Amino acid sequence: MPESRWRSLFRPTVAQVVVAALIGGLAFAIVVQVRHEDKDDYSGVRGDDLVELLKSLDAANERLSTQIDDLTATRDGLLNSTQRSASAERQAKERAEELAILAGTKGATGPGVEVVINDPDKDIDASALLDAVEKLRDGGAEAIAINGVARVVAQTYFLDDDDEIRVGGREIKRPYLIEAIGDSSTLAGAVRFPGGLIDGISTRGGTATVTEQDKVTITALADIKAPEYARPSS
Amino acid sequence: MIPVIGLAIGIVAGLLLEPTVPRDLQPYLPIAIVAALDAVIGALRALGERRFNDRVFVVSFISNVLIASFMVYLGDQLGVGSQLSTGVVVVLGIRIFANAAAIRRRIFHA
């Protein structure tokens, strides 16, 4: 049997050759088609399919354009709100800093005056010192510190204590140095005018001098405690 | 044996020559290939059942290819080319599966 097979290989019948040719043609066509598909162009696509393809591309294009519009609008809106919140944040920060100076939780610097009160006979008591501070406040002082240790704010109290004066709980020594930030000439005027700070001190037996400064730096901070009863009303 | 040599020659020729498919034949070649595959699988089944007839194979091969191509051509002319070629592929695919199942049953008895 194998012998006849080998013989048939060398003397094939016509039918065998035709079958071989057909199968060879099929293999050839498959290879050609597969390689053609690999090239991935549209030359082999039918007109109808091309139209469909074009339509779907158009639809996708339109969809994507609307999406782009939507997203652009969203982005613009977000950018706007970011800018708005940034400016709101800036304003809030400025306001917080102003309030911090007012509340004495931050150091402050600016033009102002230094008032030195000499009290050799220990005649100046807390109320006299408070008077002096009130005069400075009337003159528009925005930040006040005494002896560089006691920041004077709304809650600060003045207290006589064994020949010493306590300001907001801090003991301060003589001579008293009051630093005040504000319009220096107005402050100096408020200190000097008849019946003003200097007059008030001298009637009580002390002496006071005032110097205008281009730059007064207050680093003393007030001890703040959170309000226990008061709450924001709005 | 000779058909296997033909297969090898066809593959090698396709790889070496790298011909481009003529534009007019491009829609028909894939369908023709599927139709020819149907004929080949049918022939393999007949071979397994020892009733292979080369004349039947040649005729079925050529007629399959021609009819499939003609149907696609007709579909293109009628404006239903893609649907009709899908239909032809489905029918031929079913036949290929059926023949393959018969071959499988004969070989594996399963």
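The values are calculated or read from the model by the stated rules, or taken from the named source; none is laboratory data. It should be emphasised that the depicted structure is a prediction, and the values quoted were computed from it without experimental measurement. In this analysis, Cβ positions are derived from the backbone assuming ideal geometry, glycine residues included, and neighbour counts consider all displayed protein chains.
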task: Output the number of the condition that B:ARG45 fails; it satisfies all remaining conditions of (1) exposed (fewer than 14 other Cβ atoms within 10 Å of the Cβ); (2) of a type in the set (D, E, K, R); (3) more than 11 Å from chain A (Cβ to nearest Cβ).
output: (1)
query: Considering only region B:14-31, how many residues are part of a helix (DSSP H, G or I), under 16 Å from the mean Cα position of the chain (by Cα) and facing another protein chain (nearest Cβ under 7 Å)?
result: 2
Candidates B:ILE9, B:ILE2 - the one that is over 30 Å from B:THR86 (Cβ atoms), at the interface with chain A (Cβ under 10 Å from one of its Cβ atoms), in contact with a Gly (Cβ under 9 Å, 6 or more places away or on another chain) and hydrophobic (A, V, I, L, M, F, W, C): B:ILE9
- prompt: Quick one: is A:LYS55 at pLDDT 80 or above and either at the interface with chain B (Cβ under 7 Å from one of its Cβ atoms) or out of contact with any helix residue (DSSP H, G or I) (no Cβ under 8 Å at 6 or more places or on another chain) (or both)?
  reply: yes
Residue in region A:168-188 that is farthest from A:GLU134 (Cα to Cα), counting only those that are within 36 Å of the chain's Cα centre (by Cα) and assigned to a strand (DSSP E or B): A:ARG170
query: Out of all the residues in region A:70-90, is one or more under 30 Å from A:THR219 (Cβ atoms), at pLDDT 85 or above and not assigned by TED's automatic domain parsing to the domain that holds A:THR203?
result: yes
message: When you check B:VAL90 against the structure, is it assigned to a helix (DSSP H, G or I), buried (at least 17 other Cβ atoms within 10 Å of the Cβ) and of a type in the set (A, V, I, L, M), yes or no?
response: no
query: What are the residues in region A:94-115 that are polar (S, T, N, Q) and either out of contact with any Lys or Arg (no Cβ under 7 Å at 6 or more places or on another chain) or in a helix (DSSP H, G or I) (or both), if any?
result: A:THR105
message: Quick check on region A:152-168: of everything there that is within 18 Å of A:ILE218 (Cα to Cα) and touching a helix residue (DSSP H, G or I) at 6+ places or on another chain (Cβ under 7 Å), which residue is surrounded by the fewest Cβ atoms within 10 Å (Cβ to Cβ)?
response: A:VAL153
field: Checklist (1) modelled with pLDDT of 85 or more; (2) surrounded by 16 or more Cβ atoms within 10 Å (Cβ to Cβ); (3) not β-branched (Val, Ile, Thr) applied to A:ALA230, failing item
entry: (2)
message: So if I check each of B:ALA100, B:ALA39, which one is more than 12 Å from the chain's Cα centre (by Cα), part of a helix (DSSP H, G or I) and either surrounded by 15 or more Cβ atoms within 10 Å (Cβ to Cβ) or modelled with pLDDT of 85 or more (or both)?
response: B:ALA100
message: Filter region B:48-66 down to the residues that are part of a helix (DSSP H, G or I) and either within 17 Å of B:VAL90 (Cα to Cα) or more than 11 Å from chain A (Cβ to nearest Cβ) (or both) and list them by number.
response: B:GLY48, B:SER63, B:ASN64, B:VAL65, B:LEU66
